[in-house]
Amino acid sequence: MAYRVNPNSTVIGSTTAGADGNVSQFYLPGGISTMISGIGVYYPDGKETQRIGIVPKIELKPTIQGITKGQDELINKAIEIINGQ
């Protein structure tokens, strides 16, 4: 998320789970234990990330074909971006 404040950065990859912040455990009657998120996590512009996740500018996931060939498609894309292609 911190990279978003730099206008020269590009976030690539896949969206995160949106499960961020700390958790606090507490007990309900009957000895039932549960947990709740205790703090909010926000983008620099104030938008929430909870249940949304970090959304990349360029969504890209590894493929079975790339893994079979020993390629890292995310690194390859990052190199393309750095080289201005």
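With 10 angstrom as the radius, rank Thr16, Thr34 by how many other C-beta atoms surround their C-beta, starting from the fewest.
So the ranking, lowest neighbour count to highest, is Thr34, Thr16.
Could you please report the charge total around Val41, scoring K, R as +1 and D, E as -1 over all other residues with beta-carbon less than 12 angstrom from its beta-carbon?
Once all neighbours under 12 Å are counted, the net charge is 0.
Report, ordered by chain and residue number, the aspartates and glutamates lying within cross-link reach of Lys77, taken as a straight Cα distance under 14 Å and ignoring same-chain residues fewer than 8 apart.
List returned: Glu59.
Return the loop-located trypsin sites (Lys or Arg not before Pro) in the chain (DSSP other than H, G, I, E, B) with at most 13 other Cβ atoms within 10 Å of their own Cβ; answer none if there are none.
Loop-located and lightly packed - Lys47, Arg51, Lys57, Lys69.
Looking at the square roots a ≥ b ≥ c of the eigenvalues of the Cα gyration tensor of region 1-46, which shape do they give, rounded for a/c under 1.5, prolate if a/b is larger than b/c, or oblate?
prolate
Compute the helix-to-body angle for 73-82: its Cα long axis versus the longest principal axis of the chain, expressed 0 to 90° and rounded to tens.
Rounded to the nearest ten degrees, it is 70.
With all pairs of different alpha carbon atoms counted, what Kirkwood hydrodynamic radius in Å does the chain show?
Computed over the chain, the radius equals 15.8 Å.
Bear in mind these aren't lab numbers, they're just calculated from the coordinates by the rules spelled out. The shown structure was predicted, so the numbers you read here are calculated from the model rather than taken from an experiment. Virtual Cβ from ideal backbone geometry, glycine too; neighbours counted across all protein chains shown.
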